[in-house]
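Readers should treat all values here as calculations from the given coordinates under stated rules, not as data from a laboratory. Just so you know, these numbers come straight off a predicted model, no measurement behind them. Here Cβ is always computed from backbone atoms with ideal geometry, including for glycine, and neighbour counts include all displayed protein chains.
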Amino acid sequence: MNSISPLKIEGMSTFIQKDLKLLSFVKWDRLVQSGVNKTIKVFGWVYRDDSYTDFVLLNYQLKYNRGSWDSQLSFSTSSKEYSEKIAELLEIKSHDTCERVEDYFEISNCIKLKRLS
């Protein structure tokens, strides 16, 4: 049972597809599924008017309980504009604020935005 592909679990594909369609402002791109951890992560982009893009990551943690599968959903996004809307549409009570790597680490391999002083 450890190696089962999470998307092959009955009804899971339909369940996730409903969420992807619900977030119609996101252009879905990639997914990662782990049979060992029973997780599905779906990654997409929100295209902004200023030519930048924001990411959205949906994380489904699957659990087998008393003969059936259940899913716990969490998400991450770099979109200040859509963060609360995503939480509301997916009926998730709380969401975290995305922060910039450059604000915490002095590394050369990060994206640095020009800051106004």
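For the stretch 60-111 and the stretch 14-47, write down the distance between their C-alpha centroids in whole Å.
12 Å
With springs only between Cα atoms under 10 Å apart, run a GNM on the chain and tell me which of 96, 70, 49 wobbles the most.
49
Taking the number of other C-beta atoms within 10 Å as the exposure measure, put 86, 107, 9 in order starting with the fewest. List each step's numbers first, then the result.
Values: 86 22, 107 9, 9 17.
Neighbour counts put them in this order, fewest first: 107, 9, 86.
Can you give the direction-averaged projected area of the convex hull of the alpha-carbon atoms in the stretch 66-117, in nm²? Don't skip to the answer; put the middle values down first.
Working: hull surface 26.1 nm².
Here the figure is 6.5 nm², rounded to one decimal.
Tell me the mean residue ellipticity at 222 nm calculated for the chain from its helices only (DSSP H runs of n ≥ 4, each -39500 (n - 2.57), averaged over every residue, nearest 500).
Working: 2 runs with 18 residues, N = 117.
Mean residue ellipticity, 222 nm, calculated: -4500 deg cm²/dmol.
Mind checking which aspartates and glutamates have their Cα closer than 19 Å to the Cα of residue 38? Skip sequence neighbours fewer than 8 apart in that chain.
10, 19, 70
Between 58, 23, 89, where does the largest GNM mean-square fluctuation fall for the chain, given springs only between Cα atoms within less than 10 Å?
89
Are there any trypsin sites (Lys or Arg not before Pro) in the stretch 21-117 that are in a DSSP loop and have at most 13 other Cβ atoms within 10 Å? List them by number.
Numbers: sites: 21, 27, 30, 38, 41, 48, 63, 66, 80, 85, 93, 100, 112, 114, 115; in loops: 38, 48, 66, 80, 93, 100, 112, 114, 115.
Within the stretch 21-117, the qualifying trypsin sites (Lys or Arg not before Pro) (loop, at most 13 other Cβ atoms within 10 Å) are 48, 66, 80, 93, 100, 112, 114, 115.
Karplus couplings for the stretch 69-84 from phi (6.51 cos²θ - 1.76 cosθ + 1.60, θ = phi - 60°), rounded to Hz, Gly and Pro as x?
Per-residue couplings from phi come out as 9, 10, 10, 10, 10, 9, 8, 9, 7, 9, 8, 5, 5, 9, 4, 5 Hz.
Whole number please: convex hull volume per residue, Cα atoms of the chain, in Å³.
Values: hull volume 17.3 nm³, N = 117.
Each residue corresponds to 148 Å³ of Cα convex hull volume.
For the chain, set up a GNM with springs between Cα atoms under 10 Å and report which of 91, 106, 81 has the largest fluctuation.
Greatest mean-square fluctuation among the candidates belongs to 106.
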